[in-house]
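The values are calculated or read from the model by the stated rules, or taken from the named source; none is laboratory data. Everything numeric in this text was worked out from a predicted model, so none of it was measured. All Cβ positions, even for glycine, are placed from backbone atoms using ideal geometry, and neighbour counts span all protein chains on display. Note: accessible area is taken over every heavy atom of the protein model, side chains too, but ligands, DNA and RNA are not part of it. Shrake-Rupley method; radii C 1.70, N 1.55, O 1.52, S 1.80 Å.
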Amino acid sequence: MLVFSDPVGSGSLWFDNLITADGTPVAFDPQARSFLPMRPFCVNREIIGCNWIAPREGAFCRSCAMTALAPDPTIPNAMPNWAETEAAKRWVLDNLGRWHWFRPEDPGTRPVFHMLAEGLTPVAMGHANGVVTISVAEADPVVRATRRQALQEPYRTMVGHMRHEISHMLWWRLSLRDDFLDAFREVFGDERVDYPAALQNHYHSGPPADWDQFYLTSYASAHPHEDWAETAAHLLHLTDITDSFVASGLSSPELPGPHWSAYAEPDTARLINVAASLAIRVNHVNRSMGLSDLYPFVLSQAAQRKLAFVHDWLRRGAQGR
């Protein structure tokens, strides 16, 4: 993620800012990828702190317009959890916009989001035919940590959920192309294998003993659909870690140059090598504060091949160039 210029003064703005250092209200223009000190603001600005511009007064921004179902505000903590969930969605949509997904130049279907709060019944997150369902309760750090430990996951964040579930939607978009499915099955396997039965087997029997030789995560071993979603999410993790590192003005001998763009890099091996090297360094910094590793994963040769496949297809952009 880039660090942005202050449109009314000196200094920088971060992606989630609502005001400048001197208190001037600003909003992010996702098309120009810059901040503007003027209206119209998203109608959700006062409700959940959305900081994107809208096409006209009283309208939703591009991101909020994709949310068809909002959480029940009478459920405790639903509104602050929704606000954090929408912030994660905006971040990931901007990531994908670097490759022209879901922008005006994208002729395809946009995702539709169902943002649901959890009452007595948990919400199952997932994707079906362009609809992405998200449990906003996962924005609560206690809920998230409890589930991460129960599922023995090394990483679980709302940005991670967004990248994973939107990746399912991207697969659905790509599967409509004549040239995608055969290529996908050669790398990931046949997604026509019974999905509910595969997940039931995964949760009952666990992953294969050697899963780490072929998959990025144990969950990716459950089914080709989950392998794709986990791999695509990790491609976004690695690309954005690197982009954010460069944008923050940090330097490392692994970087190809001071103005190198991770999103513009066509060589997957180069991108992965740089990202993994930077992640190892930041992991070391995190450990100095007793924090979890930023990127606690090992990239096997098989996983790198899958990352290269996803990178090729996502970099082609929404128009499939």
Return the unpartnered cysteines for the chain, using a Cβ-Cβ cut-off of under 4.7 Å. Cys64
Tell me, what ³J(HN,Hα) does each residue in the stretch 112-118 have, in order and in whole Hz, if you take phi through Karplus 6.51 cos²θ - 1.76 cosθ + 1.60 with θ = phi - 60° and put x for Gly and Pro? 10, 10, 10, 9, 10, 8, 9
Dipole check, the chain, charges on Cβ (K,R +1; D,E -1), about Cα centroid: among His127, Pro25, Ala233 the Cα furthest to the positive pole belongs to Pro25
State to the nearest 20 debye the size of the charge dipole of the stretch 51-129 about its Cα centre, where the only charges are +1 on K and R beta carbons and -1 on D and E beta carbons. 240 debye
In square angstrom, what is the accessible area per residue of the chain with a 1.4 angstrom probe? 48 Å²
Quick one: Karplus J couplings for the stretch 216-222, per residue in order, coefficients 6.51, -1.76, 1.60, θ = phi - 60°, nearest Hz, x for Gly and Pro? 6, 9, 5, 5, 4, 6, 5
Note the full-extension length gain between Asp16 and Trp260 as 0.36 nm times their separation in residues minus their Cα-Cα distance, in nm to one decimal. 85.5 nm
In percent, how large is the relative contact order of the chain, given Cα pairs closer than 8 Å and 6 or more residues apart? 14 percent
For the stretch 93-101, just list the computed ³J(HN,Hα) in residue order, Karplus coefficients 6.51, -1.76 and 1.60, θ = phi - 60°, integers in Hz, with x standing in for Gly and Pro. 4, 5, 3, 5, x, 5, 10, 6, 7
Mean Cβ neighbour count within 10 Å, used as a protection proxy, ranking 183-191, 235-243, 94-102 highest first: 235-243, 94-102, 183-191
Taking the Cα centroid of the stretch 200-274 and of the stretch 18-60, what is the distance between the two, rounded to the nearest whole Å? 31 Å
May I ask for the distance between the Cα centers of the stretch 295-319 and the stretch 120-169, given as a whole number of Å? 21 Å
What's the magnitude of the charge dipole for the chain around its Cα centre, counting Lys and Arg as +1 and Asp and Glu as -1 at the beta-carbon? Answer in Debye, nearest 20. 400 debye
Determine the gain in length on full extension of the stretch Leu151-Ala124; use 0.36 nm per residue of separation and subtract their C-alpha separation, reporting nm with one decimal. 8.3 nm
Dipole of the chain [Lys/Arg +1, Asp/Glu -1 at C-beta], most positive-end residue of Pro55, Thr67, Pro80: Pro55
For Met125, Met162, give the ranking by accessible area with the largest first, probe 1.4 Å. Met125, Met162
